[in-house]
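This report refers to the structure that appears directly beneath it.
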Amino acid sequence: MRILNVFGFFTIFCINYSDQQFIMFSYPIKTDVRMQCKSIENSPLLRLSNHLFCDYDKTIHPNYPKTTNVSLRFMPKLINLETDQAKLSLHSWIALSWTDPQLTWTPSNYDGINITRVKSSRIWTPSLSISNSGEMSNDQFDLSKVNCLLYNSGFVFCVPMLKFIAKCNPDYTYWPYDKHRCRITFESWVHTDEEVDLLMMDKTQISLMNEYTNDTIWDFKFINWTKEVTKNKCCSDDTFSTINFDFLLTRYHSNYYTIVIVPAIALILLTLIVLCLNLNSVERIAMASVNFICHLLCMYVMHWIVPYNGANPPNILIFYRESLALATFAIILTAVLRKLEAMSTQIPNWISFTTTIVLSNKAGRFLILKDDEFKMAGKDIATEESSDVSKSEMNTKKLFWKYFAAIIDWLSFFCVILTYAIILIILVPAV
């Protein structure tokens, strides 16, 4: 009995399925189906939206064949300069406005509504991009999720918040007193000048930096803007307009005094103090060694905090390099002059003549001789030619090596001062 019931069920299912197939193929398929817009009488906003976007096509140029003037205002908010990659990341408000004749209406027909808000994805928007972008992607000018104001005259006003990444050409020669000029270039490479003309809302740019939030590293200032019109040399003679914004980034260098400037000044003084100490003192060789080690440590620290500057190193590294050379010179000079003082051989005539001239001067005796040697040296020099060879004369001649070493030491001191002065004049930027 159950078998018969199951058989009857499948028989009825097959008959119904065949009827449905017959009915389906018996009706012709309509190929032309038109979407009819709803007629809504209750809400004026819905009626307005129905009126604006029922037959609207956002891919069609709104003023064709006339030119659409797109006005632009650039309002920076935050910046970040990646020194290693020379990329300027700029968070900014961009105000765009144009007129779309396809989006007009009569306010009296819609309860006096003369302004409404629309998504930018529903209307035509200009295709803008950053020509000197630091990234390969073209997502920097995505206007698809922006709310725009639409006026009854067809005037469209959009203010998106975007992040732009531009490539800069930084120069760290005078780091940490470096200044960088960066440029952001807007262009509409999809539309020619005959289709879209880029204009400035406010040519004076008085309010451009009103929304900017001060940065802790850079002093960010607007310089000027320029508009350029270029021809497409590739395929046709069509012209394309670009708008360039130039900015100046100046580093706040006050924070670098304690880690860069103050150690540099301390090393200069330390090198000069080494040359002022007595040649035979232990303090001189010890301080000269400490000075040399301090230079190496400072250069190691500079290696990690100073940005790379291509083939030309920053001046601060050149200064430490030259100062390290002078510190090395101070150590070598100390060793050589100590050896020179210990010599007991016959002094050459030119050395004796030079030493005699220096010691005959009060300034020379003040710098070279000690207090207890001052009178004795003057007496020995005055009686050198008239006295016979004696023990005191031999002792005086032996002292000439010591005096000559002291003369070289003081000459080296003044030469190092002159060298530091020349280095600072060349390397320090003019304020």
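Descriptive notes on the structure:
- Here Leu249 clears all of (1) modelled with pLDDT under 80; (2) within 22 Å of Asp171 (Cα to Cα) except the condition numbered (1).
- Qualifying residues in region 96-116 (those that are part of a loop (DSSP other than H, G, I, E, B) and more than 16 Å from Asn50 (Cβ to Cβ)) - the one most open to solvent (accessible area, probe 1.4 Å): Asn114
- Note on region 168-199: residues that are part of a strand (DSSP E or B) and open to solvent by less than 70 Å² (accessible area, probe 1.4 Å) total 10.
- Residue list for region 280-317, filter: outside any helix (DSSP H, G or I) and open to solvent by 20 Å² or more (accessible area, probe 1.4 Å): Asn280, Ser281, Tyr308, Asn309, Gly310, Ala311, Asn312, Pro313
- Checklist (1) over 30 Å from Phe404 (Cβ atoms); (2) outside any helix (DSSP H, G or I); (3) open to solvent by 50 Å² or more (accessible area, probe 1.4 Å) applied to Phe240, failing item: (3)
To keep it simple, each residue is scored yes or no on (1) farther than 19 Å from Glu194 by Cβ; (2) crowded, with 18+ Cβ neighbours inside 10 Å; (3) not basic (Lys, Arg).
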position: Pro44; (1), (2), (3): yes, no, yes
position: Asn50; (1), (2), (3): yes, no, yes
position: Pro65; (1), (2), (3): no, no, yes
position: Lys77; (1), (2), (3): yes, no, no
position: Gln85; (1), (2), (3): yes, no, yes
position: Ser92; (1), (2), (3): yes, yes, yes
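- Test: residue in region 307-327 that is among the hydroxyl-bearing types (Ser, Thr, Tyr), over 24 Å from Asn280 (Cβ atoms), under 60 Å from the mean Cα position of the chain (by Cα) and modelled with pLDDT under 90: yes
Okay, residues lined up against (1) over 23 Å from Leu52 (Cα atoms); (2) crowded, with 19+ Cβ neighbours inside 10 Å; (3) at pLDDT below 85; (4) of a type in the set (S, T, N, Q):
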position	(1), (2), (3), (4)
Val118	no, no, no, no
Ser129	yes, no, yes, yes
Cys158	no, yes, no, no
Ala166	yes, yes, yes, no
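- Candidates are the residues of region 262-279 that are open to solvent by 60 Å² or more (accessible area, probe 1.4 Å) and not β-branched (Val, Ile, Thr); the one that is farthest from Ala405 (Cα to Cα) is Leu269.
- Number of the exception - Met209 against (1) surrounded by 12 or more Cβ atoms within 10 Å (Cβ to Cβ); (2) outside any strand (DSSP E or B); (3) modelled with pLDDT of 75 or more: (3)
- Unmet criterion (only one of (1) of a type outside the set (Ser, Thr, Tyr); (2) farther than 18 Å from Pro429 by Cα; (3) not in a strand (DSSP E or B)) for Asp246: (3)
The values are calculated or read from the model by the stated rules, or taken from the named source; none is laboratory data. Please read all numbers here as calculations on a predicted model, not as lab measurements. Heads up, the Cβs are rebuilt from the backbone with ideal geometry, glycines too, and the neighbour counts pull from every protein chain shown. The area values use the complete protein model at the heavy-atom level, side chains included, leaving out ligands, DNA and RNA. Shrake-Rupley method; radii C 1.70, N 1.55, O 1.52, S 1.80 Å.
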